[in-house]
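Derivation of every value follows stated rules applied to the coordinates shown; laboratory data play no part. Predicted, not measured: the structure shown is a model, and the values here were computed from it. Note that we place each Cβ from the backbone using ideal geometry, even for glycine, and neighbour counts take in every protein chain shown.
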Amino acid sequence: MTELLLNKGDKVVATLRHVDALSDLSAQFPSQLLVIQLDVTNSAGVSAAFTRANEAFGRIDVVFNNAGQSVTGEVESVSEEEARQMFEVNFWGAMYVSKEAVKFFREVNKPIGGRLLQVSSRLGLVGGPASAFYSAS
C-alpha cells in the first residue's frame, strides 16, 4: 500500500516495528514518506505518531490500519502470554489507532473528515481450526 501511494504522488506516514524494512522507499521518496517506528500496543506511542504526522504534513486523509499478529495452535497449546499479546495487537492496537484516527479527523483536519480503513480477517467472522485466539481477537 505504501509503495502504491508513493508512486501515485501521495504523501505517506508509514508506521511499523522495524523501520529498516522501508529504507529503500525512504531513500527513493524522501519528501513524501515519513517512517515512524511504532508498536501499536503502546497507546502513547500511537498518539505520538499522529502528532508527528501532523507536524510533517498537517493533515491525514486516510488511515490504513493493518497491524496484526497470529499464533496458530489448539487452545490448550497456546500459552496465555501468546494469546494475550495477540489481543494486545489485534484488538487493543486496532482500537488505539482507530481512536486516534477519528479524533484527528474531527479535531485536527480542516475541513474535518478522513477515512479509516481497518484490515481484518475472515477468521474474525468464521473461526477455523487452530485459530481460536486469533479469531476471538
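The table below gives the values:
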quantity: Residue list for the stretch 114-123, restricted to those being in contact (Cβ under 8 Å) with a residue 12 or more places away in the chain and not hydroxyl-bearing (Ser, Thr, Tyr); calculated: GLY114, ARG115, LEU116, LEU117, GLN118, VAL119, LEU123
quantity: Test: residue in the stretch 94-109 that is of a type outside the set (D, E, K, R) and loosely packed, with under 13 Cβ neighbours inside 10 Å; calculated: no
quantity: Conditions (1) surrounded by 12 or more Cβ atoms within 10 Å (Cβ to Cβ); (2) among the small types (Gly, Ala, Ser); (3) farther than 19 Å from VAL12 by Cα; number of the one not met by SER26; calculated: (3)
quantity: Complete set of residues in the stretch 1-38 that are in contact with a helix residue (DSSP H, G or I) (Cβ under 6 Å, 6 or more places away or on another chain) and in contact (Cβ under 8 Å) with a residue 40 or more places away in the chain; calculated: LYS11, VAL13
